[in-house]
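The values are calculated or read from the model by the stated rules, or taken from the named source; none is laboratory data. As the structure is a computational prediction, the values presented were derived from the model and not from experiment. All Cβ positions, glycine included, derive from the backbone under ideal geometry; neighbour counts span all protein chains shown.
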There are 2 protein chains.
Amino acid sequence: MRNVTKDNITDVFKGYMSDDMNPRMREVMGSLVQHLHDFARETNLTHDEWRTGIQFLEGCAAIESEDRHEFVLASDVLGLSSLVDMLHSREDATSSSVLGPFHVSGAPPLEVGGDMKRHFGGPVLLAEGTIKDTDGNPIAGAELDIWQTAPNGLYASQDEEQDTFSFHGLMTVGDDGKYAFTTVKPVEYTVPSDGPVGAILDACGRHPWRPSHLHYIVKAPGYRSLVTEVFPEDDPYLDQDTVFGVRNDLVMTYHEKPASEFPEGLALSGSVNEPFLAVTFDITLAKE
Amino acid sequence: MRNVTKDNITDVFKGYMSDDMNPRMREVMGSLVQHLHDFARETNLTHDEWRTGIQFLEGCAAIESEDRHEFVLASDVLGLSSLVDMLHSREDATSSSVLGPFHVSGAPPLEVGGDMKRHFGGPVLLAEGTIKDTDGNPIAGAELDIWQTAPNGLYASQDEEQDTFSFHGLMTVGDDGKYAFTTVKPVEYTVPSDGPVGAILDACGRHPWRPSHLHYIVKAPGYRSLVTEVFPEDDPYLDQDTVFGVRNDLVMTYHEKPASEFPEGLALSGSVNEPFLAVTFDITLAKE
């Protein structure tokens with residue numbers, strides 16, 4: 001097309017796509033470019049603003065590494081990651097929520113009733129629940145991949161003071177579908193805000209805080225894997241999670257209980273001498 | 001918001017923006033995220049597709065350097081760069097066209113009538129014209145920053161065989177507004193296609209070719225600077241420029257003329273013994 005104009009360029013772009021390309025790729029690229037162009041037209045985007053956008057991407061590129069996933073973080077704080085989660089959540093299952101950049105594969109096994117708190121200070125949290133199917137029946141042998149922050153607000157991968165798998169565990173439930181473990185109550189924390197994404201948060205007058213949460217990936221053969229989180233209902237950032245991860249059904253009460261009510265049969269049984277917190281979070285998986 | 005849904009997340013995002021942020025930033029970010037979310041909803045974007053998008057950005061990041069501007073290239077082949085150009089083109093002035101990634105600041109002076117061809121082979125091209133205002137009056141002292149490919153299809157910055165400023169020149173016109181220089185006819189060439197952007201072109205069944213062109217940046221005090229290109233009307237890629245740079249008013253006839261018609265008063269006068277090409281491309285600048 002030798003007469004490209006601001007009004008026909010989107011159609012020219014679509015016309016460049018080959019008839020025999022993958023139809024889904026055509027659909028996704030066509031929609032992406034339609035929206036990209038509509039955005040530029042609606043805002044009458046200037047060269048300076050375009051340059052700012054390119055510099056944002058180049059700034060992310062400059063700090064991108066195995067330990068710093070700035071593009072994922074950008075997607076998180078713009079709500080895209082959560083939106084994709086929600087588009088593919090099943091209404092009859094527990095809501096999914098953001099994976100985030102801190103999951104580490106290969107966590108060590110953690111037995112049902114085991115402990116992740118170890119020598120760390122802070123209130124003991126007993127987390128338990130049942131992994132169920134959509135009829136409410138327990139899913140025997142379901143696997144929970146669990147991770148969270150240490151009391152200093154850092155994940156193991158961010159913190160040289162922690163072991164690689166500190167506050168990470170992989171639990172396989174028995175026939176009753178029940179999981180249980182002790183840990184220290186996770187804390188609210190800030191997403192990394194010293195890079196280009198932090199500059200965007202700043203420019204929008206936004207804070208970088210997330211409410212405290214436990215992360216789970218739950219898997220069982222024949223069921224859709226679930227990436228989710230559980231939040232305490234009294235968290236100050238519950239209504240303003242900077243990555244949009246909170247869903248109503250993921251907000252739970254963390255009950256404060258006296259040491260005398262700490263149950264038998266757990267790794268920490270007999271050694272808890274102060275009040276502890278307990279949360280029950282049942283998880284429903286949908287069939288594949 | 002503790003009940004973020006796929007339907008309200010865009011409004012939640014907008015609600016997170018502070019009342020006292022820069023109003024233009026609010027407008028641009030609001031529109032960007034509205035379109036990003038609408039894109040995801042319309043296509044029902046999957047986790048795998050989201051991951052492909054993140055990997056695309058990370059792949060660009062991995063090769064981004066001073067000599068390789070993959071994010072700019074992505075903007076170019078998606079038509080965004082050209083769209084921004086066209087949004088800010090003045091209808092009463094010569095059309096603007098893509099800057100591209102190969103402009104180098106600090107080109108050496110080139111006198112009116114000077115030569116950029118030097119020892120390089122290929123047909124002599126004489127390019128000339130007048131820099132005018134919108135009333136058709138010459139703009140005395142206008143400055144032309146000129147650059148193009150060598151006959152091998154490479155810009156100086158891509159090619160170790162060339163000097164830094166090979167096929168680059170900075171010309172200041174006299175009171176008559178006229179410019180003229182000799183060079184070798186530019187050739188069509190491919191944008192860098194061995195990276196993530198090339199993979200997108202491939203997946204869309206698109207080629208990486210641009211029609212041949214001369215690049216100009218034209219500046220004069222009191223006038224809007226113009227970034228533009230001139231294309232020969234017989235170029236095979238004129239109707240399918242992979243970066244959408246062609247505009248009707250930038251397509252010119254390159255006339256073939258006998259050596260005997262080569263004009264006097266140019267650096268190459270008297271030394272042209274074969275037929276040459278001549279193009280006249282007048283350039284109109286709008287007032288600021």
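Check the stretch B:164-180 and report whether any residue there is among the hydrophobic types (A, V, I, L, M, F, W, C) and closer than 21 Å to B:Ala74 by Cβ.
No: zero hits.
Take the stretch B:156-189 and flag every residue that is of a type in the set (Phe, Trp, Tyr), out of contact with any Pro (no Cβ under 8 Å at 6 or more places or on another chain) and closer than 15 Å to B:Asp145 by Cβ.
Residues of the stretch B:156-189 that are of a type in the set (Phe, Trp, Tyr), as a first pass: B:165, B:167, B:179, B:181, B:189.
Subsequent filtering for residues that are out of contact with any Pro (no Cβ under 8 Å at 6 or more places or on another chain) retains B:167, B:179, B:181, B:189.
Answer for the stretch B:156-189, where residues must be of a type in the set (Phe, Trp, Tyr), out of contact with any Pro (no Cβ under 8 Å at 6 or more places or on another chain) and closer than 15 Å to B:Asp145 by Cβ: B:Phe167, B:Tyr179, B:Phe181.
Pairs needed: first member in the stretch A:27-47, free of Cβ contacts under 8 Å to residues at least 24 places away in the same chain and over 13 Å from B:Met86 (Cα atoms); second member anywhere, part of a loop (DSSP other than H, G, I, E, B) and not β-branched (Val, Ile, Thr); C-beta distance under 6 Å; at least 6 residues apart or different chains.
Taking only residues 6 or more apart or on different chains, the pairs are A:Val33/B:Leu78.
Residues of the stretch B:42-59 being at the interface with chain A (Cβ under 7 Å from one of its Cβ atoms), part of a helix (DSSP H, G or I) and modelled with pLDDT of 95 or more, which ones?
Correct list: B:Glu42, B:Thr43, B:Glu49, B:Trp50, B:Ile54, B:Leu57, B:Glu58.
Given the conditions (1) closer than 30 Å to A:Asp19 by Cβ; (2) surrounded by fewer than 20 Cβ atoms within 10 Å (Cβ to Cβ), and given that B:Val197 satisfies all but one, which numbered condition is not satisfied?
Against the list (1) closer than 30 Å to A:Asp19 by Cβ; (2) surrounded by fewer than 20 Cβ atoms within 10 Å (Cβ to Cβ), B:Val197 comes up short only on (2).
Taking A:Val98 as the residue in question, decide whether it is within 12 Å of the chain's Cα centre (by Cα), in contact (Cβ under 8 Å) with a residue 12 or more places away in the chain and not assigned by TED's automatic domain parsing to the domain that holds A:Leu126.
no
Report yes if some residue within the stretch A:7-23 is part of a helix (DSSP H, G or I), more than 7 Å from chain B (Cβ to nearest Cβ) and modelled with pLDDT under 95; otherwise report no.
no
When you scan the stretch B:189-210, do you find a residue that is away from chain A (no Cβ under 14 Å), touching a Phe, Trp or Tyr at 6+ places or on another chain (Cβ under 8 Å) and of a type in the set (Val, Ile, Thr), even just one?
yes
Could you list, in sequence order, the residues of the stretch B:200-238 that are under 15 Å from the mean Cα position of the chain (by Cα) and more than 28 Å from A:Met17 (Cα to Cα)?
Those that are under 15 Å from the mean Cα position of the chain (by Cα) and more than 28 Å from A:Met17 (Cα to Cα): B:Tyr216, B:Ile217, B:Val218, B:Ser225, B:Leu226.
Restricting to the stretch B:61-74, what's the tally of residues that are more than 7 Å from chain A (Cβ to nearest Cβ), touching a helix residue (DSSP H, G or I) at 6+ places or on another chain (Cβ under 6 Å) and of a type outside the set (Asp, Glu)?
3
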